[in-house]
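Chemist: Before anything else, here's the structure in question.
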Amino acid sequence: MDSYLNIIKNSYSDYWNYIKKSVLMELNWENYFYGLIIISLVVWILEMVFPWRKNQAIFRKDFWLDVFYMFFNFFLLNLIILIALSNSTAQFFNDILSIADLSIADFQLFDINKFPFWLRVFTFFIIIDFVQWFTHTLLHKYEFLWNFHKVHHSVKEMGFAAHLRYHWMEPVLYNSMKYIPLAIMGGFTAKDIAIVHFFNITIGHLNHANINWDYGYLKYVLNNPKMHIWHHAKKLPKERRTGVNFGITLSIWDYIFKTNYIPHSGRNIEIGFNGDEYFPKDFINQEIYPLNKKKS
């Protein structure tokens, strides 16, 4: 028990020190704080220069709520729960394996650190993106998970910051689903993770942005605003009622597994979900949803 308490304590102190170093610009390429700010500003400027919905305000509906979500979910949520939970869960998993005289290394299919740099980063990116695509389908398929995912779909006007409006339970599920695939591949360097992280954030921001882009032929590989808008469509055909266009960064999984759906330009479609008019509008009540679902 003491070891777990130390893990939790160290997780808080280590991540708090990381945040301080980030804000004080004592980090270089691994500075996610200013990386997020720079990417957000660039994509926001692109929204102003290449708007798809020209009548949508620059400070759209819930703009500041979504900006708060960006920083809360990427930094404060990690400090409050995710880092400590992740580190203690990893230790618990190792302790369980040790009972059978095993370790996570016994399950490694290959050591990805032996790959050339470009192949290592590409493999990491592809596997993570597929796991996230599959996890995303589960969020729509099962009502229990969908109730958490409703927070993200409560967005009523799309913009870059909507990318990171999500319930605190979502990263718990995503990280849990990613743990084993990452473990069986061996370790990754901080640089590998940073490169994939910044690329995914950029594409994710663009997917949700009010930008008139579909990337031409690359739309069959990369998720894009004209595809992702249909993922947020309030009305879908009955045969598509569990959702469409689940791609996180890559769209190719949707084309492979036939979950792609772009019937026409979705520029002016209504987004949200049935009953969203009764969904909580403020941060606190969205975060405790669905615990207060019946009350709402």
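Chemist: Extending each Cα 7 Å along its Cβ direction at Lys54 and Ile38, get the distance between those two points in nm, one decimal.
Modeler: 3.4 nm
Chemist: Could you give the dipole magnitude of segment 138-243 about its Cα centre, charging the beta-carbon of Lys and Arg +1 and that of Asp and Glu -1, in debye to the nearest 20?
Modeler: Here the size comes out at about 380 debye.
Chemist: A follow-up question, please. Provide the gained length on full extension for the span Ile80 to Trp213, in nm with one decimal, where the gain is 0.36 nm per separating residue minus the Cα-Cα distance.
Modeler: Here the answer is 44.2 nm.
Chemist: So, counting K/R as plus one and D/E as minus one, what does the shell of residues with Cβ under 14 Å around Phe257 add up to?
Modeler: Spelling it out: positives minus negatives among the neighbours equals +1.
Chemist: Still on this model: Carbon and sulfur atoms: what percent of the 1.4 Å accessible area of the chain do they account for?
Modeler: The computed percentage sits at 66.
Chemist: Can you list residues from other chains, or at least 5 along the same chain, whose modelled amide H is less than 5 Å from the amide H of Leu250?
Modeler: Asn223
Chemist: Taking square-rooted eigenvalues a ≥ b ≥ c of the alpha carbon gyration tensor, is segment 119-162 rounded, prolate or oblate, where a/c under 1.5 means rounded and, failing that, a/b exceeding b/c means prolate?
Modeler: Verdict is oblate for segment 119-162.
Chemist: Straight-line reach from Lys156: which aspartates and glutamates fall under 18 Å, measuring Cα to Cα and dropping same-chain residues less than 8 apart?
Modeler: The qualifying aspartates and glutamates are Glu47, Asp62, Asp66, Glu270, Asp276, Glu277, Asp282, Glu287.
Chemist: Right, something else. In square angstrom, what is the accessible area per residue of segment 59-118 with a 1.4 angstrom probe? Could you put the intermediate results ahead of the total?
Modeler: Details: 3690 Å² over 60 residues.
Roughly 61 Å² per residue, with all protein chains present.
Chemist: Averaged per residue, what accessible area in Å² does segment 136-191 show with a 1.4 Å probe, protein chains only?
Modeler: 38 Å²
Chemist: Would you please name the GluC sites (Glu not before Pro) within segment 237-296 that are DSSP coil residues with at most 11 other C-beta atoms within 10 Å of their C-beta?
Modeler: Glu270
Chemist: Given segment 8-68, report the % of alpha carbon pairs whose separation exceeds 19 Å.
Modeler: Cα-Cα pairs in segment 8-68 separated by more than 19 Å: 50 percent.
Chemist: Note the per residue figure in Å³ for the convex hull of the C-alpha positions in the chain. Could the numbers behind the result be given before it?
Modeler: Values: hull volume 47.2 nm³, N = 296.
Per-residue hull volume (Cα only) is 159 Å³.
Chemist: Using a/c under 1.5 as the rounded threshold, could you call segment 172-296 rounded, prolate or oblate? The axes a ≥ b ≥ c are square roots of the C-alpha gyration tensor eigenvalues, and prolate needs a/b larger than b/c, oblate otherwise.
Modeler: Taking the square roots of the gyration eigenvalues as a ≥ b ≥ c, segment 172-296 is oblate.
Chemist: Then there is this: Return the tail of the calculated pair distribution for segment 231-296, meaning the percent of Cα-Cα pairs more than 16 Å apart.
Modeler: 59 percent
Chemist: If you don't mind, there's one more thing I want to ask. From the P(r) of segment 45-197, could you give the percentage of C-alpha pairs in the tail past 22 Å?
Modeler: 55 percent
Chemist: May I pose another question? Write down the radius of gyration of segment 134-214 and its Dmax, each obtained from C-alpha positions, in Å.
Modeler: 14.6, 41
Chemist: What pairs from Lys234/Lys281; Lys54/Lys150; Lys61/Lys141; Lys21/Lys114 go past 22 Å between their alpha carbons?
Modeler: Lys54/Lys150; Lys61/Lys141; Lys21/Lys114
Chemist: Run lengths n ≥ 4 of DSSP H only: what is the helix-derived mean residue ellipticity at 222 nm for the chain, with -39500 (n - 2.57) per run over all residues, to the nearest 500? Can you show the working numbers first?
Modeler: Numbers: 11 runs with 153 residues, N = 296.
After summing the helix terms and dividing by residue count, I get -16500 deg cm²/dmol.
Chemist: Still on this model: Within the chain, what is the longest stretch that has no trypsin sites (Lys or Arg not before Pro) placed in a DSSP loop and near at most 14 other beta-carbon atoms within 10 Å? Walk me through the numbers before you get to the answer.
Modeler: On the way: sites that count: Lys54, Lys61, Lys234, Lys235, Arg241, Lys258, Arg267, Lys281, Lys293, Lys294, Lys295.
Longest stretch, sites excluded: 62-233.
Chemist: Which is the longest stretch in the chain that no exposed loop site breaks, taking sites as chymotrypsin sites (Phe, Trp or Tyr not before Pro) with a DSSP loop state and at most 11 other Cβ atoms within 10 Å? Intermediate values should be presented prior to the final figure.
Modeler: On the way: sites that count: Trp29, Phe59, Phe110.
That gives 111-296 as the longest site-free run.
Chemist: Name the residues of segment 252-287 whose amide N is less than 12 Å from a point 7 angstrom out from the Cα of Thr242 along the C-beta direction?
Modeler: 259
Chemist: Now, a different point. Return the distance in nm (one decimal) between the two label points of a simple spin-label model at Glu270 and Phe122, each offset 7 Å from Cα along Cα→Cβ.
Modeler: 4.6 nm
Chemist: Additional query: Can you work out ³J(HN,Hα) from phi for every residue in segment 223-238, in order, using Karplus 6.51 cos²θ - 1.76 cosθ + 1.60 and θ = phi - 60°, giving whole Hz and x for Gly and Pro?
Modeler: Karplus-based 3J(HN,Hα) across segment 223-238 equals 4, 8, x, 6, 8, 6, 4, 6, 5, 9, 4, 6, 10, 10, x, 4 Hz.
The values are calculated or read from the model by the stated rules, or taken from the named source; none is laboratory data. Quick caveat: nothing in here was measured; it's all calculated off a predicted structure. When we count neighbours, we look across all protein chains shown, and the Cβ atoms used for this are built from the backbone with ideal geometry, even at glycine. Areas reflect the complete protein model, heavy atoms only, side chains present, ligands, DNA and RNA absent. Shrake-Rupley method; radii C 1.70, N 1.55, O 1.52, S 1.80 Å.
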